[in-house]
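Visitor: Once you've had a glance at the structure underneath, I'll fire off some questions.
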Amino acid sequence: MKAHNRESQAQMTPQKALDYLKEGNQRFMSNLKAHRDLLEQANATVDGQWPFATILSCIDSRTSAELIFDQGLGDVFSVRIAGNVVNTDILGSMEFACKVAGSKLIVVLGHTKCGAIKGACDHVEMGNLTELLSKIQPSVYQESETITERSSKNATFVENVSQINVKRNVNSIIERSPILKQMIENGEIGIVGAMHNLETGEVTFYEDASFINN
């Protein structure tokens, strides 16, 4: 499989980009990776890159976007931070990825059993991690289904908070970046929230956190 180039990126739509990722995740779950010559892809992209998607995911070592979506060099921008939260630097990176470099889709990707989410659920405070986890706290408070045992010991509570966190960050990207919001409204790009199941490898995309016009 060849690396994406200017032509293939130009022909990509937000919906096609989403379909590419879904197909790649199916290959990952089936252990049927597409054949790639990574050295050839490295040489093909040395003078330029044309990624079709931008994926915001957690730093968790088990959630590499390139692997779980079976993508190669030059295919996706991978933005990683504990808890897949949003800050100004990440928004700027996404604006570059989409407005300048031509990416067609933003994915906010959470995952099950997330350590950052558990830390936020337990209200952990530790050095600079305190500020990062504070960005997840609104999702902890928004979770209203759980009455008792609102801590990391309750797996259901943790996963509920993870899902809320993903959807809040989808909305945060749209609200905090006029550039990306305008591109979404124009149908130039799409944005979607998703969750990666560590046990099965499956990525579930949230229809109620999806803004894809074509």
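Visitor: Ignoring ligands, DNA and RNA, what percent of the accessible area of the chain is carbon or sulfur (1.4 Å)? Before the final figure, lay out the partial values.
Guide: Numbers: 5330 of 10730 Å².
Reported share for carbon and sulfur atoms: 50 percent.
Visitor: Let me ask you something else. Ranking request for peptides 81-94, 109-122, 183-196: highest mean number of other beta-carbon atoms within 10 Å first, then the rest in descending order.
Guide: Ranking the peptides 81-94, 109-122, 183-196 by packing returns 109-122, 183-196, 81-94.
Visitor: Next question, about the same structure. Calculated from DSSP H runs of 4 or more alone, at -39500 (n - 2.57) each and per residue, what is the 222 nm mean residue ellipticity of the chain, nearest 500? Don't jump to the answer; show the numbers that get you there.
Guide: Numbers: 10 runs with 90 residues, N = 214.
Theoretical 222 nm ellipticity from helices: -12000 deg cm²/dmol.
Visitor: Given 0.36 nm per residue, what is the gain on full extension from Gln26 to Ile147 after removing their alpha carbon distance, in nm?
Guide: Numbers: separation 121, 0.36 × 121 = 43.56 nm, distance 3.65 nm.
39.9 nm is the gain from fully extending Gln26 to Ile147.
Visitor: Could you do me a favour and compute the accessible area per residue for the stretch 129-181, 1.4 Å probe, result in Å²?
Guide: Values: 2860 Å² over 53 residues.
That works out to 54 Å² for each residue.
Visitor: With +1 assigned to the C-beta of every Lys and Arg and -1 to the C-beta of every Asp and Glu, and no other charges, what is the dipole magnitude of the chain about the Cα centre in debye, to the nearest 20?
Guide: It works out to roughly 80 debye.
Visitor: Once you have a ≥ b ≥ c as the square roots of the Cα gyration tensor eigenvalues for the chain, tell me rounded if a/c is under 1.5, and otherwise prolate or oblate according to whether a/b is larger than b/c.
Guide: Prolate, since a/c reaches 1.5 and a/b exceeds b/c.
Visitor: Give, as a single signed number, the net charge of other residues whose beta carbon lies under 13 Å from the beta carbon of Val158, with Lys and Arg counted +1 and Asp and Glu -1. The partial results should precede the final answer.
Guide: Working: positive: Lys113, Lys118, Arg150, Lys153; negative: Asp122, Glu143, Glu145, Glu149, Glu159.
Summing Lys/Arg as +1 and Asp/Glu as -1 gives -1.
Visitor: For the pairs Lys33/Lys167; Lys22/Lys104; Lys104/Lys167, note any where the Cα-Cα span goes beyond 22 Å. Please list the in-between numbers first.
Guide: Details: Lys33/Lys167 29 Å; Lys22/Lys104 15 Å; Lys104/Lys167 19 Å.
Violating the 22 Å limit, Cα to Cα: Lys33/Lys167.
Visitor: Pairs of Cα atoms under 8 Å, at least six residues apart: use those to get the relative contact order of the stretch 31-186, whole percent.
Guide: This gives 23 percent for the stretch 31-186.
Visitor: Follow-up question, since we're still on this one. Reachable lysines from Lys153, Cα under 21 Å, same-chain residues fewer than 8 places away excluded?
Guide: Correct list for Lys153: Lys113, Lys118, Lys135.
Visitor: Moving to a separate point now. Name the shape class, rounded, prolate or oblate, that the alpha-carbon gyration tensor gives for the stretch 44-89, where a ≥ b ≥ c are the square roots of its eigenvalues, rounded holds for a/c under 1.5, and otherwise prolate holds if a/b is larger than b/c and oblate otherwise.
Guide: oblate
Visitor: Let a ≥ b ≥ c be the square roots of the eigenvalues of the Cα gyration tensor of the stretch 87-196; is it rounded (a/c under 1.5), or, if not, prolate (a/b larger than b/c) or oblate?
Guide: Working: a/c = 2.66, a/b = 1.97, b/c = 1.35.
Prolate.
The values are calculated or read from the model by the stated rules, or taken from the named source; none is laboratory data. Just so it is clear, the model here is predicted, and its values are computed rather than measured. Heads up, the Cβs are rebuilt from the backbone with ideal geometry, glycines too, and the neighbour counts pull from every protein chain shown. These accessible areas exclude ligands, DNA and RNA; they are computed on the full protein's heavy atoms, side chains included. Shrake-Rupley method; radii C 1.70, N 1.55, O 1.52, S 1.80 Å.
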